């Protein structure tokens with residue numbers, strides 16, 4: 001059962017969630033595998049899932065003048081996707097598996113519905129996503145500072 005995986009091999013995104021919230025998430029979770037080179041998400045498409053990366057990594061890419069521009073690699077222990085939580089629920093980047101990658105996928109609409117039904121659960125997940133966004137914004141800020149120095 002995925003809940004047992006959550007307890008035996010805790011993913012950093014899940015730290016701080018109480019057992020009842022972990023159980024709610026586990027009911028929606030599915031193990032997925034992406035072979036190297038597979039497109040995991042496509043910019044502009046509906047953000048129907050989010051992923052906890054368990055093994056290996058995916059690369060985020062933006063497009064400029066018809067070329068893919070690497071933005072960031074999301075690896076083991078990290079989360080792929082936050083667009084599922086904010087309207088219009090569309091991806092802002094492409095993500096491609098850089099290596100054979102294993103993850104846990106969650107259906108966004110069902111998780112959002114659970115968040116609306118159970119406000120405590122919704123608040124707990126929102127805090128986790130807010131922490132993720134803060135971390136990613138700080139990483140982007142540091143890249144911009146370094147680029148400006150160079």
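Below are the figures for this structure:
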| read-out | value |
| --- | --- |
| Considering residues of region 97-125 that are within 30 Å of residue 144 (Cβ to Cβ) and under 13 Å from the mean Cα position of the chain (by Cα) only, the residue surrounded by the most Cβ atoms within 10 Å (Cβ to Cβ) | 103 |
| Only one of 11, 63, 67 that is more than 11 Å from residue 96 (Cβ to Cβ) and within 15 Å of the chain's Cα centre (by Cα) | 11 |
| Among the candidates 54, 72, residue that is in contact with a strand residue (DSSP E or B) (Cβ under 6 Å, 6 or more places away or on another chain), within 20 Å of residue 21 (Cβ to Cβ) and modelled with pLDDT under 95 | 54 |
| Test: residue in region 110-126 that is in a loop (DSSP other than H, G, I, E, B) and under 23 Å from residue 5 (Cβ atoms) | yes |
| Subset of region 28-39 that is more than 16 Å from the chain's Cα centre (by Cα) and exposed (fewer than 13 other Cβ atoms within 10 Å of the Cβ) - its residue that is nearest to residue 117 (Cα to Cα) | 35 |
| Filter result for residue 37 (assigned to a loop (DSSP other than H, G, I, E, B) and within 28 Å of residue 94 (Cβ to Cβ)) | yes |
| Set 42, 49, 21: member being within 25 Å of residue 7 (Cα to Cα), surrounded by 13 or more Cβ atoms within 10 Å (Cβ to Cβ) and without any contact (Cβ under 8 Å) to a residue 60 or more places away in the chain | 49 |
| Residue match in region 62-83 (condition: surrounded by fewer than 15 Cβ atoms within 10 Å (Cβ to Cβ), assigned to a loop (DSSP other than H, G, I, E, B) and touching a residue at least 12 places away in the same chain (Cβ under 8 Å)) | yes |
| Unmet criterion (only one of (1) within 17 Å of residue 52 (Cα to Cα); (2) touching a strand residue (DSSP E or B) at 6+ places or on another chain (Cβ under 9 Å); (3) exposed (fewer than 13 other Cβ atoms within 10 Å of the Cβ)) for residue 143 | (1) |
| Failed item in (1) in contact with a helix residue (DSSP H, G or I) (Cβ under 6 Å, 6 or more places away or on another chain); (2) over 24 Å from residue 125 (Cβ atoms), with residue 48 passing the rest | (2) |
| Boolean, residue 96 is more than 20 Å from residue 29 (Cα to Cα), at pLDDT 95 or above, in contact with a strand residue (DSSP E or B) (Cβ under 7 Å, 6 or more places away or on another chain) and assigned to a strand (DSSP E or B) | yes |
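The values are calculated or read from the model by the stated rules, or taken from the named source; none is laboratory data. Quantities reported herein were computed from a predicted structural model and do not represent experimental measurements. Note that we place each Cβ from the backbone using ideal geometry, even for glycine, and neighbour counts take in every protein chain shown.
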